[in-house]
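The values are calculated or read from the model by the stated rules, or taken from the named source; none is laboratory data. Values in this document were obtained by computation on a predicted structure and should not be read as measured data. FYI the Cβ positions are ideal-geometry reconstructions off the backbone, even for glycines, and counts take in every protein chain you see. All accessible areas refer to the heavy atoms of the entire protein, side chains included, with ligands and DNA or RNA removed. Shrake-Rupley method; radii C 1.70, N 1.55, O 1.52, S 1.80 Å.
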Amino acid sequence: MASSDVGKVASASLGAKINEIGLRRSEENARMSASLQFGFYYLTCHLLSISTYLIDHGFSCWLAYQYHTQGQETYFALTITFVVMPALISTGFSMRWYLQDIDDPTLPKAPLWRWGLRVVFLLLQFAPILRYLDSLLYGIGSILAARKNQKEKQQYLFRRMVDEDSDASLLRLFHCFLHAAPQAILHLMVLIQMARQKQHATLQAYQGWAVMCALISIAWALTCYHRSVRFARDDKEKLSWQGSTIQFCWHLMGTASRILALAMLAAMYPAWMGTVCLTHWCVMAAWLALGHHQTAVCSSRCEELMFSCVLGLAYILAFIAPRDGPTRYTYLAYYLVCFMENTGALVVWCVGNSSAQNPSLYYGTVGMQILTFLLGILFMLAYYRYFHPSGTSTTIRKSITITEMPDRLSKAGVSGRVFSHTL
């Protein structure tokens, strides 16, 4: 072949390659633009987060009132404690974050009326609700900016919406482990005890609804947290609504199985349940501390130890990966431990209880615990097999380089109050 022909072939190949790169970049920019839009998916997630939070709190307060009117002061005191203390903790964290935002030069100063609104919501112990409302306002503002073709403002408001959503999701995570989980175990334990004695049928119905709302709140809080972490990071693929649905079912079934096992044990031997939870907490905290699972939220070894203790407490209910990386064998070890603990609770329930007293309760709780655990495993496998986003998104990273966003936009793009992992 002549040298001129070789040159023509090389030029044609190079031209085709350039056209392919240009087309790919156009698709990447279009995907980036679509990902920075506040749509029906975001709106639905925000409304579900607000409604589940309010309904969960409403049922807890209603049950506290019912316990008080029926003279069950111990359950009344425990219910009120698990309502007030988590709310105070969430309020303290939210106020601290607001004060930190004052020193951030990339954020605009909040007007006086907004501070007044913040104080009112925080006094009412509705810290996550205020964050969700702020996130909604930023999202609506991004839509209006997009209609006016103000691209830079639209992207900035979208990023602010994502940051507020990340803060709200982290507050919901506190609510999940400090309020909803203890309430679910408490009410389900009392429900089982009353069902064994066939007492207070009306109160049992309220307790059943309260437990169901708490389980939904926990599962949705975990799902929203993992979703918000991905949306807050530009180097991660976003979680689709199908993936969120399957992940919600996974967390719902896994949480229901875990809480049912603990409640069954607590209904028989409360001290044993406390011992199991304490041992589980200590083992998980020691594993995290000795494994040096460093994350972005820890700047020193002391903070790592504190973080290990907090995350170890959360591991009583659900697993949250402390950092990016392969989690297959970690999940296998965690669910193996939970399986052994749940099986132990079932054995204690079957040996220490009698099926003749209430057969439907005896066999129903055992069957439900096993079924929810197996469904949780199946939903988890389905999520990782069919609905899990890809690991690192080079597409989005390239799009950011091409579009050359302003510095303040990129700084607002990743909230500093989320863990460094994704699920």
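Quick one: accessible surface of Glu73, probe radius 1.4 Å, all protein chains present, in square angstrom to the nearest 10.
Looks like 90 Å² after rounding.
Express the relative contact order of the range 239-389 as a whole percentage, based on alpha carbon pairs under 8 Å and six or more residues apart in sequence.
47 percent
Could you please report the charge total around Pro389, scoring K, R as +1 and D, E as -1 over all other residues with beta-carbon less than 9 angstrom from its beta-carbon?
It works out to a net charge of +2.
Between Trp241 and Arg147, with labels modelled 7 Å along Cα→Cβ, what's the label distance in nm to one decimal, could you check?
Simple spin-label model gives 2.1 nm for this pair.
In square angstrom, rounded to the nearest 10, how much accessible surface does Met85 have for a 1.4 Å probe?
Rounded to the nearest 10, the figure is 100 Å².
Using the Cβ atoms and a cut-off under 14 Å, what net charge is assigned to the surroundings of Cys45, where Lys and Arg are +1 and Asp and Glu are -1?
+3
Per q in 0.23 Å⁻¹, report the Debye log10 I(q)/I(0) for the range 79-151, using one uniform scatterer on each alpha carbon and no solvent.
The calculated log intensity ratios at q = 0.23 Å⁻¹ are -1.09.
As a test question: what accessible area, to the nearest 10 Å², does Thr202 have when a 1.4 Å probe is rolled over all protein chains in place?
Here the residue's solvent-accessible area equals roughly 90 Å².
Report, in cubic angstrom per residue, the convex hull volume of the C-alpha atoms of the range 239-389.
110 Å³
Pairs of alpha-carbon atoms within less than 8 angstrom and 6+ residues apart define the contacts here; what relative contact order does the range 36-238 have, in percent?
Once normalised by length, the contact order is 27 percent.
Tabulate in residue order the Karplus-calculated ³J(HN,Hα) for the range 61-76, using 6.51 cos²θ - 1.76 cosθ + 1.60 with θ = phi - 60°, rounded to whole Hz; enter x for Gly and Pro.
5, 5, 5, 4, 5, 5, 4, 5, 5, 9, x, 9, 5, 5, 5, 4
Would you pull out the residues with amide H under 5 Å of Lys236's amide H, same chain only if 5 or more places away, H placed 1.01 Å from N?
So Lys236 has HN proximity to Ser393.
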